[in-house]
Amino acid sequence: MSKIFEAVKKGAVTTVIAAAAGMILTASSVMAEEYNGRKVGVAFEIPESWMSNQIQLNVEEEKLDEDGHVVHFGVAMFGISDEQLANLESQYGEESQEYQEAMMYHFYNLVNVVGVENGVDLEEVVKNLVDLSDGAVEGLDTLGSSDNFTFYSVVSDENALPEHEACETEEIQAAVDAALADAEDVIESMSFKDPKPNGSEAGAQVSFETTDLDGNTITSDEIFSQNKVTLVNFWFSNCPYCIDELPELEELNHRLQEKGCGVVGITIDALDDESIAANKAVLAENGVTYLNLIATEEIKDQLVCQGYPNSYLIDQNGNIVGERIVGNIGAGYEEAVDNALAAAEGSTSEGINMIAQRAGLVYGKAGSDNIITYAKKAAADPFKVVVKDEEGNPVEGAMIQFCSERMCMLQPSGPDGTVTFDRDSLEDCKVHVLKQPEGFAADKEEYEAKGSETELEIVLKK
């Protein structure tokens, strides 16, 4: 059972929503400001207040039945500092009832949504929610629908919440108040698609059709059926870490072919003839001969990426093996393939998940009872890039690249000219304008995002 539903049983949650969610809250496939919960079918704009490192967010994703006919998505917040949290853990121990009760006084529910497949008995769903909450749930309010699902906010007894303790500092209290104030806007901004409860989890099946860089149609079955295990590597032509590993992946592909495995690349920035030519040039310069495909929305829906390079292991039947790998892990790729291959042949159950965890590269892990939990606690404040013209007006649609020492993130500036990137450390990063909107001159400058700073302004010239 998820922590949120445990909280419901204690009378601590005032709203519940069931849907089928996707990734860590502050990141879509490229750490964008829109949350795309493909597993839950929920998408919404992430308010800046939710990205503060003064609060800790917990995202819960789960199927409420074995087949995913009813799904749940919730975002909870703890208004508590690292030091205060450490004191509670030291005093009570994380598994103790006293610790759980103490934490509940710092617990705030931000969003909870329920997605119910058409044809499912809604009265039965409500009854089960009421039973789970010991009567705290009072009913459902319709939020919206997709082709085959309807999404609801669960109305609960507001008097069931415990009285909150005062936040440790005024700064934390301000962050809590701002996050709570923005929750209603989040719900109003939600859009819905049919959930994919198995999403990019280990065991989920991948199926797609796309083209290679020469325009030839390729199906996933054609690729995966040829290999016992396929390493699928996502990259783009302006990502230095992606390019650095291309020669290594070419050598790896030759070694893997001797084992009945292989490497396939998927580029995310082959959008037109010019960019396709640029991708081909990068591959040629680095001696890459293995197959490279063009990313489609169908592929991105099934293989969610979080920074680049980003890799998945797929077995011969098109099933994901283990968790995604973010960043270049060098020799770890072959070790991961070997373990996945051994797991597929039944000699070990370790697979890539353990390898990636040891490398510190897994951004989420499966919990019990079909629940995936992502706990968001930023190590550093998000970094904002503000793009303006020479007159100080915001510039929308500038493609900004943000590179740390390990990976690159990529996203366009929004209507207000801003782009926000999540950071996991205070290291200095490099920022480039990869593409400017029509009417603006190319900007070839390399900007430095200092670890101690939180904002950079870029002025584009006409």
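Residue by residue through the range 424-441, note down the ones that are hydrophobic (A, V, I, L, M, F, W, C) and either surrounded by 15 or more Cβ atoms within 10 Å (Cβ to Cβ) or at pLDDT below 90 (or both).
If the condition is that a residue be hydrophobic (A, V, I, L, M, F, W, C) and either surrounded by 15 or more Cβ atoms within 10 Å (Cβ to Cβ) or at pLDDT below 90 (or both), then 426, 429, 431, 433, 434, 440 are the ones that fit.
If the requirement is being buried (at least 20 other Cβ atoms within 10 Å of the Cβ) and either within 27 Å of residue 185 (Cβ to Cβ) or assigned by TED's automatic domain parsing to the domain that holds residue 420 (or both), which of these qualifies: 144, 74?
74
Is it the case that the range 27-38 has a residue that's under 29 Å from residue 125 (Cβ atoms), assigned to a loop (DSSP other than H, G, I, E, B) and either under 24 Å from the mean Cα position of the chain (by Cα) or at pLDDT below 80 (or both)?
So far as the range 27-38 goes, yes, one or more of its residues are under 29 Å from residue 125 (Cβ atoms), assigned to a loop (DSSP other than H, G, I, E, B) and either under 24 Å from the mean Cα position of the chain (by Cα) or at pLDDT below 80 (or both).
Okay, residues lined up against (1) touching a residue at least 40 places away in the same chain (Cβ under 8 Å); (2) under 18 Å from the mean Cα position of the chain (by Cα); (3) assigned to a loop (DSSP other than H, G, I, E, B); (4) outside the structural domain of residue 433 (by TED's automatic domain parsing):
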position	(1), (2), (3), (4)
177	no, no, no, yes
183	yes, no, no, yes
230	yes, no, no, yes
234	yes, yes, no, yes
241	yes, no, no, yes
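Using beta carbons and a limit of 6 Å, which pairs, at least six apart or on different chains, have the first residue in the range 66-80 and more than 21 Å from residue 35 (Cα to Cα) and the second one of a type in the set (Asp, Glu)?
Listed by first residue and then by second, the contacts come to 69/117.
Matching residues to (1) among the aliphatic types (A, V, I, L, M); (2) in a helix (DSSP H, G or I); (3) modelled with pLDDT of 90 or more; (4) closer than 20 Å to residue 304 by Cα:
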site	(1), (2), (3), (4)
214	no, no, yes, no
223	yes, yes, yes, yes
260	no, no, yes, no
277	yes, yes, yes, no
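Check the range 448-461 and report whether any residue there is surrounded by fewer than 18 Cβ atoms within 10 Å (Cβ to Cβ), over 25 Å from the mean Cα position of the chain (by Cα), under 19 Å from residue 307 (Cα atoms) and not assigned by TED's automatic domain parsing to the domain that holds residue 311.
yes
Under 24 Å from the mean Cα position of the chain (by Cα) and not assigned by TED's automatic domain parsing to the domain that holds residue 401: which single residue out of 253, 279, 328 fits that description? Write out each step before concluding.
On the way: 253 fails: under 24 Å from the mean Cα position of the chain (by Cα); 279 fails: under 24 Å from the mean Cα position of the chain (by Cα).
Among 253, 279, 328, only 328 is under 24 Å from the mean Cα position of the chain (by Cα) and not assigned by TED's automatic domain parsing to the domain that holds residue 401.
The values are calculated or read from the model by the stated rules, or taken from the named source; none is laboratory data. Please read all numbers here as calculations on a predicted model, not as lab measurements. All Cβ positions, even for glycine, are placed from backbone atoms using ideal geometry, and neighbour counts span all protein chains on display.
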